[in-house]
Amino acid sequence: MNSLVATPEFISAAAQELTSVGSAIDEAVAAAAAPTTQVAAAAADEVSAAVAALFGEHALRYQEVSAQAAQFHAQFVNGLATGGAAYANAEAANVAQTVLDLINAPTLALVGRPLIGNGANGAPGTGQNGGDGGILIGNGGAGGSGADGVSGGRGGNGGAAGLLLGSAGTGGAGGAATGAGGGGGTGGQGGMGGLFSPGGVGGTGGASTGGAGGGVGGAGGLGLFGNGGAGGAGGRGIVGDGGVGGSSVDTSPSPRDAPLARMPSSA
C-alpha cells in the first residue's frame, strides 16, 4: 500500500500556488467581462439583436458562476493554509514537549520535581496539595479546597515557585462545616516563593453554619529573599464566631536553611 507523506512546507507552497492560479483566473474573467456582456448586434434587424442579447445573457451567467467558483476557491485555499499552519504548530509543540521531557527527566528521577514547568492544582474538595513548580522556572499549583462536612476539611497547601521565575501557589480554602457544632476547615498554607518572588497567600478558612466558629485562615508561604505571603482570611461563622486570620510571614529564612528542592530522605 502506498503511503502519503505531508509536510507543512509543501502544504504552504501548494496554498501559495493555488492563490496565484486563482488570481490569474480572476484577471482573465474580469478582462472578458466587458467584451462578452456588451455584444453589439451585427445588423439593425431583430434577429441580429436577439442573437447579441443571447450572447450577452450567457456572458452574464458565466460571470455569476465564475464569482461563485472564485469564492469556493478562496475558501479552499484558506482551509488549506489554515490546516497547514495548524499541522506545523502541532509538530512544533510535539518537539518542544519532547525536549522539555528530556530536560526534566533527571530532576524528576532525583527529587520528584521537574526543572521547568508548572505544578498542578489540587482538585477541589479534596484538600490535595498543589504541585511544586519547576526547580528553576514554574508556577506552584494552588492547593485544593477542603471537603465540606460536619467539620470542614483542611485546604491543601500551595506548591512552591521556581527559584528564578514563577509564582507560589495559593493555599486551598478550608471546607465549610455543615453540621451542628462543627467548625470550618483550616485554610492551606501558601507555597514557598522563589529567590525573589513572594510566598503564596494562605487559604481562607472554611465557613461554619453551626455553633462552632469559622476555620482558621492558612499561613502565608515562606519567601527566600522575597517577602513572605499574606495569611488567609478567617472563615465566616453564621452562628459562632468568625475564624482567626492566618499568619503573614514577614521574615525570610536563612539561605542555608531554605530548601532549593524537596530532596527525598535517605534510608
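The values are calculated or read from the model by the stated rules, or taken from the named source; none is laboratory data. In this text the structure is predicted, and so the values were computed from the model without any measurement. Cβ placement follows ideal geometry from the backbone for every residue including glycine, while neighbour counts extend to all protein chains displayed.
What the table shows:
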{"item": "Verdict on A207 being modelled with pLDDT under 90, of a type in the set (G, A, S) and over 22 Å from G226 (Cβ atoms)", "result": "yes"}
{"item": "Test: E27 is out of contact with any helix residue (DSSP H, G or I) (no Cβ under 6 Å at 6 or more places or on another chain), within 30 Å of A88 (Cα to Cα) and of a type in the set (D, E, K, R)", "result": "no"}
{"item": "Odd one out for L102, checked against (1) surrounded by fewer than 18 Cβ atoms within 10 Å (Cβ to Cβ); (2) over 22 Å from the mean Cα position of the chain (by Cα); (3) within 30 Å of A14 (Cα to Cα)", "result": "(3)"}
{"item": "Top-ranked residue in the stretch 136-162 [being aliphatic (A, V, I, L, M) and crowded, with 24+ Cβ neighbours inside 10 Å; ranked as farthest from L108 (Cα to Cα)]", "result": "A142"}
{"item": "Condition broken by L165, with the remaining ones in (1) more than 15 Å from S151 (Cβ to Cβ); (2) at pLDDT below 85; (3) among the hydrophobic types (A, V, I, L, M, F, W, C); (4) surrounded by fewer than 24 Cβ atoms within 10 Å (Cβ to Cβ) satisfied", "result": "(2)"}
{"item": "Hey, A59 surrounded by 12 or more Cβ atoms within 10 Å (Cβ to Cβ), assigned to a helix (DSSP H, G or I) and among the hydrophobic types (A, V, I, L, M, F, W, C) or not", "result": "yes"}
{"item": "From the options T37, T107, residue that is of a type in the set (S, T, Y), out of contact with any helix residue (DSSP H, G or I) (no Cβ under 8 Å at 6 or more places or on another chain) and surrounded by 15 or more Cβ atoms within 10 Å (Cβ to Cβ)", "result": "T107"}
{"item": "Count of the stretch 184-206 residues which are touching a strand residue (DSSP E or B) at 6+ places or on another chain (Cβ under 9 Å) and either free of Cβ contacts under 8 Å to residues at least 60 places away in the same chain or of a type in the set (D, E) (or both)", "result": "4"}
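The rows are residues; the columns are (1) at pLDDT 85 or above; (2) over 20 Å from M192 (Cβ atoms).
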position: A96; (1), (2): no, yes
position: L102; (1), (2): yes, yes
position: N157; (1), (2): yes, no
position: A160; (1), (2): yes, no
position: T170; (1), (2): yes, no
